[in-house]
Every structure is written in structure tokens, then in C-alpha cells.
Amino acid sequence: IITATYRLLWTVLLMTPVIVFNRKFRKELIAADKKIVILCAISGIFLALHFTLWFESLKHTSVASSTAIVCTEVIWVALGFRMFLSGSISGKAWLSIFITIVGSLIIALADLSAGGNNLTGDIFSLAAAVFAAIYTLIGRFARESMTTTVYTYIVYFFCAISLCIALCISGLPFTGYGSSAIIVGLLLCLFSTLLGHSIFSWGLKFMSPAFISASKLCQPAVAAVFAFFLFNEI
């Protein structure tokens, strides 16, 4: 939760001057529909829950298992897109969803037999996937009338507030974790948020949320390779 909080605080800190000093974005933010802003706030809360549970899962299970299961987000997005946004899902997509579910169950069963807290980590990852799906689906709706910059700023702002509140409730201090925590937070802000989540948010206006979520399926493969070399996770 410390890592997630630093990540979002850095993001809001870097984006605020862009919003404040750019007349176009400033006017759009001031004139934003209150209902859309409330939806963005809810989206930010779910994003905070996603970050918290996903990062927590990495304490209990492997990088490969955690990222593979969190990417079941594509299932929940596809189902939500069909149920709430009147989207269509092809037969091939349903087959892909079924294969993804089977794959996730295989991972969970393997982790269960391995003992320890691996299954707990898998459950946290699954919950994080559901929360990410809600965040993505709300983004699809909000992006119809908002620019990427203003939409993401509102979401990240409320996400940061939610994480700070969670930090206060947990009784953890905001400081005292060394410079590495601050640097990691900054790097996550730059590469995973501004160059990651924000690009996905941009794409929501032009492509279906199911496609956006499916593009994240590259993540488990890449993360597993890095984890092999960095943490000797085979």
C-alpha cells in the first residue's frame, strides 16, 4: 500500500501543473459534468483497491501467477461490456474467456498444492482483476465526453486520496521507508501509470474495453521473464 500510495502521489504531483497551467484542460475540468466526475471518483476508488490487492498478492505468490490471474480482468470487462454497455462478444471471444478461466484454475490448483500462502495471493490477484475491470468499464463511459488528460487526472486524484485514507486507517506512517521506496514510486508513476494506464485510457475512446484489457495479456509473459532473472522465480 506504501508503494501504491507513492506511485499515485507522484502521478498527481506531476499532472497537476499540466491541468492548472493549460487553459484548455483547466476549463474542461471546471466545466465537467458532476455525474461524470462522481463516476471518475468511484473509478479512482476501485483503482486504489486494485493496486492495493495486487501489490499485496505479490507478497504471497509468484510474479507469474499474480500477473496471469490479474489479467483475467479481460473476462470481467468482456462480461461487463456485454451486460451493462450493450457490447457484443463473438464466439471466439467466449472460447478465449473459457480457456483463460481454465488456465487460471490450473495456476490456482498448482499454487494450492505448493502450500504456503500462494492461494491467498491468487485470491487477492483475482479480486484485483475484478476491481480493475470496474475501473476500465467506467473509463469507457467517461471517455466519451472527456479528454484523456482530464479523465485520468480526476481518477488518479481520487485514487491517491483513497490510498492515503487507507494508509491512515492501517496505521502505517507515510514516511520512513528510505529513498528506494520514493524512487520505485516515481518509476511506477512514469512507466506504469503515465505511460501505461493513461495509454489504455486513451484507447478506451476508440476501441472496446474488452480489446484494451486483452492487450494487457502480454504482461504475464514479460513479467515472468523478468522475474526469472531478477528473483530466480522459475
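The values are calculated or read from the model by the stated rules, or taken from the named source; none is laboratory data. Note that the structure is predicted; figures quoted are calculated from it, not measured. Here the Cβ is made from the backbone with ideal geometry for all residues, glycine too, and neighbour counts use every protein chain on show. Each accessible area value is taken on the protein alone, full model and side chains, heavy atoms only, with ligands, DNA and RNA left out. Shrake-Rupley method; radii C 1.70, N 1.55, O 1.52, S 1.80 Å.
Quick look at the numbers
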{"read-out": "W202 accessible area, assembled protein chains, probe 1.4 Å, Å²", "value": "130 Å²"}
{"read-out": "Listed residues R23, R140, R7 arranged by accessible area, highest first, probe 1.4 Å", "value": "R23, R140, R7"}
{"read-out": "Sum of -39500 (n - 2.57) over DSSP H runs of 4+, divided by residues of the chain (222 nm, nearest 500)", "value": "-25500 deg cm²/dmol"}
{"read-out": "Virtual spin-label span in nm between T147 and L195, 7 Å along Cα→Cβ", "value": "2.2 nm"}
{"read-out": "Estimated FRET transfer efficiency (K35, S90; beta-carbon r; R0 45 Å; 0.05)", "value": "0.90"}
{"read-out": "Amide N of segment 1-31 lying under 18 Å from the label point, which is placed 7 angstrom from the Cα of L187 along Cα→Cβ", "value": "1-11"}
{"read-out": "Heavy-atom SASA rank of M146, M83 (probe 1.4 Å, accessible area, largest first)", "value": "M83, M146"}
{"read-out": "Entries in K35/K216; K92/K216; K59/K216; K34/K216; K27/K216; K35/K205 that, when Cα-Cα distance is taken, lie over 25 Å", "value": "K35/K216; K34/K216; K27/K216"}
{"read-out": "Solvent-accessible surface (1.4 angstrom probe) belonging to C71, in square angstrom, nearest 10", "value": "10 Å²"}
{"read-out": "Rg to Rh quotient for segment 95-213, alpha carbon positions, Kirkwood Rh", "value": "1.03"}
{"read-out": "Rounded to the nearest 10 Å², the accessible area of K59 at probe 1.4 Å", "value": "150 Å²"}
{"read-out": "Net charge of Cβ neighbours under 15 Å - reference P209; Lys, Arg +1; Asp, Glu -1", "value": "+3"}
